[in-house]
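Worksheet: the structure to be examined is printed underneath.
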Amino acid sequence: MSRFLIVFLFAVCSPVFAAVDFIEIKKSALIAAASYASPKIINERLNRVEYSLIHHNVLPHSALSYFLARSPSGLQYLSFRGTANLENALVDLDVSLKLDTDLNIQLHQGFGAAAKAAYDDVKTKLDKSQPVSVTGHSLGGAIAVIMAMHLQREGFLLDKVIT
């Protein structure tokens, strides 16, 4: 009986790791890196991985830069640039916690406000019937995670979040 219990506990308590898809991670890194470039360069880099640029914007107040791309299969990809200027640094430094009433959680005020502004800007350009992957670096990584929460709350098909 004790052997059975030990084997059972070992099986139940053993960590389970998801398979790591390094090709997908590399593609996400390339897409995140593209967010630092001009729309022309973004488009060139996306074409290398067979994505089309759908929308690019730099938001007022935070100077947060992001783009929406789409693959031939319909996968939508949101990519957020990291800290690249003084306005972005001010977003990083706005560290007080504030209740996000949409998500019902306390958020870093700068990240929360920038993510909400990005969500409000992009939501009409997204197709709810197609999955969305989200990526970002530095500030963009924080925005990507919060954006994913907004997308999930609104019923979008969330594919991956890679930061």
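Brief remarks on what is shown
- Here the simple spin-label model places points 7 Å from the Cα toward Cβ, and for Asp121 and Leu93 these points are separated by 2.1 nm.
- Dividing the summed -39500 (n - 2.57) terms of all DSSP H runs of n ≥ 4 by the residue count of the chain sets its mean residue ellipticity at 222 nm at -13500 deg cm²/dmol.
- Listed peptides 64-77, 148-161, 91-104 by packing density, highest first (mean Cβ within 10 Å): 64-77, 148-161, 91-104
- 18 Å Cα-Cα reach of Lys40 towards aspartates and glutamates, excluding residues that sit fewer than 8 places from it in its own chain: Glu50
- Note on region 21-162: with charges restricted to the Cβ of Lys and Arg (+1) and Asp and Glu (-1), its dipole about the Cα centre is near 300 debye.
- Shape class for region 25-163: oblate, because the ratio a/c of the largest to smallest gyration tensor axis (alpha-carbon atoms, square roots of eigenvalues) is 1.5 or more and b/c is at least a/b.
- For Lys116, the lysines whose Cα comes closer than 22 Å to its Cα, not counting residues fewer than 8 places off in the same chain, are Lys98, Lys125, Lys128, Lys160.
- In nm, spacing of pseudo-spin labels at Ala37 and Leu75 (7 Å Cα→C-beta vector): 1.9 nm
- Relative contact order computed over the chain (Cα-Cα under 8 Å; 6+ residues apart), in percent: 19 percent
Rule-based calculations on the coordinates, nothing more; no lab input. Quantities reported herein were computed from a predicted structural model and do not represent experimental measurements. Reconstructed Cβ throughout: ideal geometry from the backbone, glycine too, with neighbour counts over all protein chains shown.
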